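The structure appears below as structure tokens.
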Amino acid sequence: MSARRFAFPAARLEPGHYTLKARAAGYELEGGAAADVAAGGEAKAELKLRKVKNLAAQLTNAEWMLSMPGTDEQKQFLLNCNGCHTIERIMKSSYDADGFMQIFQRMAGYYPGSTPLKPQRLAGKATRDVERGGNGRKTAEWLATVNLNQQQTWSFPLKTLPRLTGRSTRVIITEYDLPNPLIQPHDVMLDREGQVWYSDFGQMFLGKMDPKTGKVTQYPIPVVKPGWSEAPSISSSTADDNPWVGVMYQSAIAKFDKKTRSSACGQPPRNGTATAASSATSPSRARTPTTRCGSRTRTAATSTASTSSPTRWRT
């Protein structure tokens, strides 16, 4: 790679010690790099990149789909997969067509927000149509030709997306650590005070983050249908700036009150009758955040996350 100069605007950078990282597909940073930024001063650092020995470990889902041979119709099937795990997981497998057919059958029993860290089975005997109208057998036979079933490495070249240039590189993306690796931020929204609210798509929590400090507070949402999948999703905020949360597979709706730090929740109407329960924690007792639905009560856990080691927010 040729030498290039990059700069970060001083107005967006607080004084302090910074660890420097670089992502350029096909390359990796040679050794560690850091910079100390003083108030009103300028800091410089020289970064050296070297070619990676394992390009496959760097590929994104899009780059795997770009690399593998196959038609758009064949690859479209994979869009049912990458909501729960990476395409790399498939490409590094050694299943034959019969093995993939068994995998399809097993995956049909999982809720679509599952992850390898927290798989969630659908309740009872419920299953999803993972083939989405396609031909599962033909898909399995195709996947067995592009994974490592018949070879020790891939027979096709691994491709990367074109690198950004010019004005497209002038963008700042701020990533924040979250205190729990199971958190799946979903439906992120800002309130009038600039606080970030998100639903945890894999756990029964409503989350709040202060973008200035990185502090994260998790407010639990009670499980109203034990044994069913957990998938809260923020719908909107009310005129008083309180978030509404839909809990899909729990068949419940919750409204969070930021003043009392408690929720009122209930289930949608059945045969024209809604089932609801509400509770409010008085200001004098609001030191410990609680969420209530019927007789179930859970206490919130508050965690602080540093912004020094960014973690990607993905759903």
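We did not get these values from a lab; they are worked out from the coordinates using the rules stated. Every value quoted in this text rests on a predicted model; they were computed, and no experiment measured them. Using ideal geometry, Cβ is built from the backbone for each residue, glycine included, and neighbour counts are taken over all protein chains shown.
Among LEU164, LEU78, sorting on how many other beta-carbon atoms sit within 10 Å of each Cβ, with the fewest leading, yields LEU164, LEU78.
Once segment 1-53 is represented by equal point scatterers at the alpha-carbon sites, with solvent omitted, what log10 I(q)/I(0) does the Debye formula produce at q = 0.16, 0.19, 0.29 Å⁻¹? Debye intensities relative to I(0), on a log10 scale: -0.55, -0.72, -1.25. Normalised Debye scattering of segment 57-146 at q = 0.12, 0.15, 0.22, 0.23 Å⁻¹ gives log10 I(q)/I(0) of -0.36, -0.56, -1.23, -1.33, counting only Cα atoms as equal scatterers and leaving out solvent. Checking the table LYS21/LYS208; LYS21/LYS48; LYS21/LYS215; LYS118/LYS138; LYS53/LYS75 against a 18 Å threshold on Cα-Cα, which pairs fail? Checking Cα-Cα distances, LYS21/LYS208; LYS21/LYS215; LYS118/LYS138; LYS53/LYS75 exceed 18 Å.
Out of every Cα-Cα pair that segment 1-155 contains, those further apart than 27 angstrom amount to 45 percent.
In straight-distance terms, cross-link reach from LYS159 covers every one of the aspartates and glutamates whose alpha-carbon lies under 20 Å from its own, apart from those fewer than eight places away in the same chain; here that gives GLU28, GLU63, ASP72, GLU73, GLU88. Label separation (GLU30 vs ILE172): 3.0 nm, computed from points 7 Å beyond Cα along the C-beta direction.
Amide H contacts under 5 Å for LYS215: ASP210, ALA305, restricted to partners 5 or more places along the chain or on a different chain, H placed in the peptide plane at 1.01 Å from N. Our note on the geometry: Cα centres of segment 42-69 and segment 193-254, 34 Å apart.
Among 136-144, 69-77, the peptide with the highest mean count of other Cβ atoms within 10 Å heads the list, and the full ranking is 136-144, 69-77.
Straight-line cross-link reach from LYS125 at under 20 Å between alpha-carbon atoms covers these aspartates and glutamates, not counting any fewer than eight positions away in the same chain: GLU230. Taking the charge dipole of segment 130-199 about its Cα centre, with +1 at Lys and Arg Cβ atoms and -1 at Asp and Glu Cβ atoms, the residue from LEU178, PRO162, ALA140 reaching farthest to the positive side is PRO162. Taken about its Cα centre, segment 1-128 carries a charge dipole of about 200 debye when Lys and Arg each add +1 at the Cβ and Asp and Glu each add -1 at the Cβ.
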